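The values are calculated or read from the model by the stated rules, or taken from the named source; none is laboratory data. Every value quoted in this text rests on a predicted model; they were computed, and no experiment measured them. Neighbour counts run over all protein chains shown; Cβ positions are idealised from the backbone, glycine included. Heavy atoms of the whole protein, side chains included, go into the accessibility calculation; ligands, DNA and RNA do not. Shrake-Rupley method; radii C 1.70, N 1.55, O 1.52, S 1.80 Å.
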Amino acid sequence: MANSTKARPPLSYKDGHKERNEEPHLEISEAAEVEEHRRAEHLAQEWMAAEKTFNGEDVDYTISIFGSARIPAPEDECGSNPCRALCSFYNEARELSFHIGAYIETNHLTSTRLITGGGPGIMEASSRGAAEAGHGSIGLNIVLPHEQRLNPFIAAKHSIEFQYFALRKMHFLKRAKALIVFPGGFGTLDELFETLTLMQTGKMPRIPVFLYGKKFWNEVINLELLAEYQLIDAEDLALYHMVDSVHEAWLQIEPILIEISELNQT
């Protein structure tokens, strides 16, 4: 009787090789392992470079501001910019950051810094407002093919350049006592939702998160719908707060700065 068993295809590690130690794919694997070690070293170096900047400046607490790189200053040909409808947010981010920077400097909160993404748009507005108050903000810049460039209101020693979004986001939050989120695109939404997820799951302490611009945020996200479908708990809606003016935002931020001031005195 003919054997009906189908012949098995040759094993890849026996394709013309007598011994397993001659396998070409092992050489590829070893090369990949070397590359992953290099990647891990780069991640560690990038993390420690940021830590060196924060620790060198004795930074214990931060107020973090996110927002779009595309929103220009009203005086910069805003009329021809596709984001011209959002130009007012530039000046509002600048004014709010001035108040934050002025409070930090006036009350000698030397261990507290405003930090931004380091680039143009809302990030520039925030760095600019802080600089006008005499406060040196720290910029967490990211290497991107478009949009991102270091804004001129951050000193070189206060600029940290990242290759990896993940590490940048971790440093945005590691020392944060509050987060202010201005209108933005995918990057801003990514940072916002990662923050909410980390707090929801207990992976980081809960901090106040303020979404600036009620009309914008109500049009862009509908988290109440997630709660309605029980995809999140109703209590999770308390993870963020809407604010709609510099005055309203400042009324929320000032008590946080007062709390930091009290921490510095203990």
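Just list whichever of K177/K214; K157/K214; K169/K203; K157/K203; K52/K174 have alpha carbons separated by over 24 Å in the model shown. List each step's numbers first, then the result.
Working: K177/K214 22 Å; K157/K214 35 Å; K169/K203 14 Å; K157/K203 30 Å; K52/K174 14 Å.
Distance filter (> 24 Å) returns K157/K214; K157/K203.
Between (1) 18.3; (2) 23.5; (3) 20.9, which entry matches Kirkwood radius over Cα pairs in Å as derived from the coordinates of this structure?
The value computed from this structure is option (3).
Could you check how much of the accessible area of segment 180-236 is carbon and sulfur, as a whole percent, using a 1.4 Å probe?
Values: 1810 of 3250 Å².
The C+S portion of the solvent-accessible surface of segment 180-236 is 56 percent.
Per residue, what accessible area does segment 114-174 have, given a 1.4 Å probe and all protein chains present, in Å²?
Details: 2280 Å² over 61 residues.
Here the per-residue accessible area is 37 Å².
What is the set of long-range amide H partners of I232 at a cut-off below 5 Å, with H atoms built 1.01 Å from backbone N?
Counting only residues 5 or more places away or on other chains, the set is A227.
Loop-only check: which trypsin sites (Lys or Arg not before Pro) in segment 185-220 are DSSP coil with at most 15 other Cβ within 10 angstrom? Write out the running numbers ahead of the final one.
Working: sites: K203, R206, K214, K215; in loops: K203, R206.
Within segment 185-220, the qualifying trypsin sites (Lys or Arg not before Pro) (loop, at most 15 other Cβ atoms within 10 Å) are K203, R206.
With axes computed from alpha carbons, what is the tilt in degrees of helix 186-200 against the longest principal axis of the chain, rounded to the nearest 10 within 0 to 90?
90 degrees
Using θ = phi - 60° and the Karplus curve 6.51 cos²θ - 1.76 cosθ + 1.60, what whole-Hz ³J(HN,Hα) does each residue of segment 122-136 get, with Gly and Pro shown as x?
Whole-Hz 3J(HN,Hα) from phi for segment 122-136: 4, 4, 4, 4, 5, 4, 5, x, 5, 5, 5, 8, x, 9, x.
Using a probe radius of 1.4 Å on heavy atoms only, what accessible surface per residue do you get for segment 29-99? Whole Å² is fine. Mind showing how you got there, number by number?
Numbers: 4080 Å² over 71 residues.
Ligands and nucleic acids excluded, the result is 57 Å² per residue.
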